[in-house]
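A short write-up of the structure that comes next.
The numbers here are math on the coordinates, done by the rules we state, and not lab data. Owing to the predicted nature of the structure, the values given are computational and were not obtained by experimental measurement. Because the Cβ atoms are built from the backbone with ideal geometry, glycine has one as well, and the counts that use them run over all protein chains shown.
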Amino acid sequence: MAISSSAFPKALVLAGVLLAGCAGEGNESLFTTGSLNSTPTATAPEPKVDPVCVTLVSRIDGLRKEGIADKIEKAAIKKYKLTTTDLAKADQLTKASAELQLRCTTITPASAQPTVAPVQKTTLRAADPLMSQPQ
């Protein structure tokens, strides 16, 4: 059973028209889909950035680009001896990182988190009424 030569192009055109209906760009045409929204959605406003945070990030990036972090790592494994200038910059990097974490992140450091009161230890004999009876 052979397909006629004129039936194939007609089927191709029909499939193209049906698929084009799904690609409607929110217009009110005959073909629409439920996944397309005709009303634009409101985007969330961008969070405001604290200028102090931007300054801290740029200071940290500058110190890292100078290679201070790499020098600290090498000094930790005794492959580099830090100079006084390197120590001062390492101190700046540490302080800037700590200040950035305190001011600009939502995660609180471990020292600022409330501590849990220690659980009072009891012996098994005192806690269990059956064990506390004299034998």
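How much net charge surrounds residue 74 when only other residues with a Cβ under 11 Å from its Cβ are counted (Lys, Arg +1; Asp, Glu -1)?
Here the count lands on +1.
Take residue 83 and residue 8, extend 7 Å from each Cα along the Cα→Cβ direction, and tell me the distance between the two endpoints in nm.
Rounded to a tenth, the inter-label distance reads 7.8 nm.
How long are the semi-axes of the ellipsoid equivalent to segment 51-104, from square roots of 5 times the Cα gyration tensor eigenvalues, in whole Å, largest first?
Working from the Cα gyration tensor, I get semi-axes of 23, 10, 9 Å.
Taking the simple approach of a point 7 Å from Cα along Cα-to-Cβ for both residue 95 and residue 64, what is their distance in nm?
Roughly 2.0 nm, to one decimal.
Kindly put 6, 58 in sequence by how many other C-beta atoms sit within 10 Å of each C-beta, fewest to most.
Neighbour counts put them in this order, fewest first: 6, 58.
Check the straight Cα-Cα distances from residue 74 and name the lysines below 17 Å, setting aside those fewer than 8 residues away within the same chain.
Cα-Cα hits under 17 Å: 65, 89.
Hey, fewest Cβ within 10 Å first, where do 103, 59 land in order? Please list the in-between numbers first.
Details: 103 11, 59 17.
Fewest to most other Cβ atoms nearby, the residues stand as 103, 59.
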